Amino acid sequence: MNWLTETRWSPYIAGIGIGVLSWLTFLISKKPIGCSTAFARTSGMIERLFRGKKVEQKIYYQEVKPEVDWEWMLVLGIVIGSFVSAKLSGDFHWLWVPTQWSQIFGSEPVTRIIVAVFGGICLGFGSRWSGGCTSGHGISGTLQLAVSSWISAIFFFIGGIATAFLLYNVIG
Amino acid sequence: MKEQKQTNLPQKPSRLPLLWGLLFGIIFGFLLQKGGATKFDVIVGQLLLKDFTVLKIMLSAVITGMIGIYFMKTLGWIKLSPKPGSAGMSIVGGLIFGVGFAVLGYCPGTIAGAVGNGYLDALIGGVAGILIGAHLFAVIYPKVKDKILKKGYFGTITLPQLLKVNDWVVVIPVVALLIFILIRLEAAGF
């Protein structure tokens, strides 16, 4: 069982595993793997805590109900699965600032958190705008050959590569 | 007795689908962590075109997934569920997502994995940001719903439908192309 305690697997093994997992989610749950809708539902659930039931009248939340569904449980599962994997290999560490970030922008957690919030806002907003994320469009949609997903996934990387070069090679 | 208990609770929806979701998520998170995709340095390394781990994981998942999914579709075991799209949704939304992808260094799936890995910038900063971003989209949604999101609308169409050909006429060349890309990446030393 040494493979369970290895820190890293070949990316091809991880990828093939995710591909096989997608067969099972289609076959058993009749759903493709996706993650970003769960964040939209959570956002609605949090808003409902403060503003009550009228949140459910919002046009967006009539289409994306603020409730715990299959995909929400999937995202919760990712946290657990990653934790188990990291613990088994001794790769679990509490870390405020990623290495590559601190090399260029310093190791101050506050700066990193503020920028992470801004990045998260773009990510949350953009994933709802395009209707999916790197899992829903990038893996599940492209493997179904959906036109929406191929275009979205290509533009995720165009936007991501351009921004990363600007941040790390021009500003940094 | 058992039967009676069951009939007493006729309205209660089954929890089983949610448990499957949790189980699949645990496996997904495990594979993402083992593959290295829960790490900021790996994701940003990909966007800087220095470390191709993320692309290797994604393409091998897509190749494997596509063959199996279309095989099961051909056999009539499953139905596809492609997402709808439009030029306005996919291009504009894709670019905004891309900015966030690079600035945050995680995406909505890998950030859940990053939280499980102990990364506090993901938990405290990133998750809060994604929730705020999703909230802002819900706020502006009524204003953009029938305008920019409908620009160049093409719906839930797939490539085989668009080209009006048998599924496998697209699946086989796409799989071959993706394998070719991976071989070239390895040959180039990535």
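The values are calculated or read from the model by the stated rules, or taken from the named source; none is laboratory data. Remember, predicted model here, so these are calculated numbers, not experimental data. Ideal geometry is used to build each Cβ from the backbone, glycine not excepted, and the neighbour counts take in all protein chains shown. When the accessible area is computed, the model is the full protein with side chains, heavy atoms only, and any ligands, DNA or RNA have been set aside. Shrake-Rupley method; radii C 1.70, N 1.55, O 1.52, S 1.80 Å.
Distance from the alpha carbon centroid of region B:58-99 to that of region B:115-165 works out to 14 angstrom. Entry note, chain B: relative contact order of 29 percent, from Cα contacts under 8 Å with a spacing of 6+ residues.
Given a cut-off of under 8 Å on Cα pairs at least six residues apart, what relative contact order in percent is computed for region A:94-172? Don't jump to the answer; show the numbers that get you there.
On the way: 32 pairs, mean separation 17.1, N = 79.
Computed value for region A:94-172: 22 percent relative contact order.
Shape class for region A:94-172: prolate, because the ratio a/c of the largest to smallest gyration tensor axis (alpha-carbon atoms, square roots of eigenvalues) is 1.5 or more and a/b beats b/c.
By Kyte-Doolittle mean hydropathy of at least 1.0 and Cα axial length of at least 20 Å, which whole DSSP H helices of chain B are selected?
Length and hydropathy pass: B:16-35, B:53-74, B:127-144, B:167-187.
Compute the Cα gyration tensor for region B:45-190, then decide on rounded, prolate or oblate, letting a ≥ b ≥ c be the square roots of its eigenvalues: rounded whenever a/c is under 1.5, prolate when a/b is larger than b/c in the other cases, and oblate in all that remain.
oblate
Computed about the Cα centre, the dipole magnitude for chain B is approximately 620 debye when only Lys and Arg (+1) and Asp and Glu (-1) carry charge, each at its Cβ.
Classify region A:1-154: rounded, prolate or oblate, from the alpha-carbon gyration tensor (a ≥ b ≥ c, eigenvalue square roots; a/c under 1.5 rounded; otherwise prolate if a/b is larger than b/c)?
Verdict is oblate for region A:1-154.
Across chain A, C-alpha contacts under 8 Å between residues 6 or more apart give a mean separation that, scaled by the residue count, equals a relative contact order of 25 percent. Close amide H partners of B:GLY155, meaning residues 5 or more places away or on another chain with modelled amide H under 5 Å apart, are B:GLY85. Give the separation of the Cα centroids, region A:119-138 to region A:40-109, in Å. Each part reduced to its Cα centre gives a spacing of 13 Å.
Within chain A, which complete DSSP H helices have Cα atoms spanning at least 18 Å along the helix axis and a mean Kyte-Doolittle hydropathy of 1.6 or higher?
Qualifying helices: A:147-165.
Between the C-alpha center of region A:1-28 and that of region A:149-172 there is a gap of 27 Å. Chain B and chain A together bury an accessible surface of about 10200 square angstrom, both sides counted, with a 1.4 Å probe and no ligands or nucleic acids included.
GluC sites (Glu not before Pro), restricted to region A:41-79: which are DSSP loop and have at most 16 other Cβ atoms within 10 Å?
A:GLU67
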